[in-house]
1. Could you please let me know if B:D34 is facing chain A (nearest Cβ under 8 Å), open to solvent by less than 50 Å² (accessible area, probe 1.4 Å) and either of a type in the set (F, W, Y) or in contact with a strand residue (DSSP E or B) (Cβ under 6 Å, 6 or more places away or on another chain) (or both)?
2. So, in the stretch B:54-69, of the ones that are among the charged types (D, E, K, R) and more than 11 Å from chain A (Cβ to nearest Cβ), which residue ends up nearest to the chain's Cα centre (by Cα)?
3. Count, please, the residues in the stretch B:39-53 that happen to be open to solvent by 10 Å² or more (accessible area, probe 1.4 Å) and facing chain A (nearest Cβ under 7 Å).
4. For the stretch A:1-17, check the following and say yes or no: at least one residue is within 15 Å of B:A32 (Cβ to Cβ) and at pLDDT below 95.
5. When you scan the stretch B:34-41, do you find a residue that is more than 12 Å from the chain's Cα centre (by Cα) and either at pLDDT below 95 or at positive phi (or both), even just one?
6. Being at the interface with chain B (Cβ under 7 Å from one of its Cβ atoms), open to solvent by less than 50 Å² (accessible area, probe 1.4 Å) and without any contact (Cβ under 8 Å) to a residue 12 or more places away in the chain is the filter here; which residues of the stretch A:3-30 pass it?
7. I'm told B:Y73 meets every condition in (1) assigned to a strand (DSSP E or B); (2) open to solvent by 70 Å² or more (accessible area, probe 1.4 Å); (3) at pLDDT below 95 except one. Can you identify the failing condition by its number?
8. B:E51 - would you say it is among the acidic types (D, E) and without any contact (Cβ under 8 Å) to a residue 12 or more places away in the chain?
Protein chains: 2
Amino acid sequence: MKVTVLVRPRDGILDPQGEAVRRSLAGLGYPAADVRAGKVFDLDVDADDAEGARRIADEIAGKVLSNPLIEQYQVEVAG
Amino acid sequence: MKVTVLVRPRDGILDPQGEAVRRSLAGLGYPAADVRAGKVFDLDVDADDAEGARRIADEIAGKVLSNPLIEQYQVEVAG
């Protein structure tokens, strides 16, 4: 079952990559602010139903894909 | 206007980060396959309407946030 996990820096946590992008964009004249950079993971989880896939993906996201101290994650199970 | 840009490796392009995650997950006993890793950017674009925000975000995504040779991007305009 196809699952997408979005991992983003928590509010208030410094995000050097996002800040670097914001500075580049400003230098190029693009009107963008508040840039935050994170990661997206698409994976195929072996589960019987969407609920099971979400449970596994939640565990993977919290334990492997993110650092809960500084990042938050969001799980989306496809259709 | 809040915009989210998702940048993912194109199909067929090697994805060492995704492969490393897949191997870690397999080692930990998680039933996940086909892991692909990409980036997510949230930004606030200065535009009059959603159409304008999408146009600016498209340009930023193609020219700054992604490498079109090996990555594809997807733009989502909030609300």
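The values are calculated or read from the model by the stated rules, or taken from the named source; none is laboratory data. The structure displayed is predicted, hence computed values, not measured ones. Cβ coordinates were reconstructed from backbone atoms using ideal geometry, including for glycine residues, and neighbour counts include every protein chain displayed. Each accessible area value is taken on the protein alone, full model and side chains, heavy atoms only, with ligands, DNA and RNA left out. Shrake-Rupley method; radii C 1.70, N 1.55, O 1.52, S 1.80 Å.
1. no
2. Applying the filter and picking the extreme gives B:D58.
3. Qualifying residue count for the region: 4.
4. Yes, there is a match, as at least one residue in the stretch A:1-17 is within 15 Å of B:A32 (Cβ to Cβ) and at pLDDT below 95.
5. Yes, some residue in the stretch B:34-41 is more than 12 Å from the chain's Cα centre (by Cα) and either at pLDDT below 95 or at positive phi (or both).
6. A:L25, A:Y30
7. (3)
8. Yes; evaluated as a whole, the condition is true for this residue.
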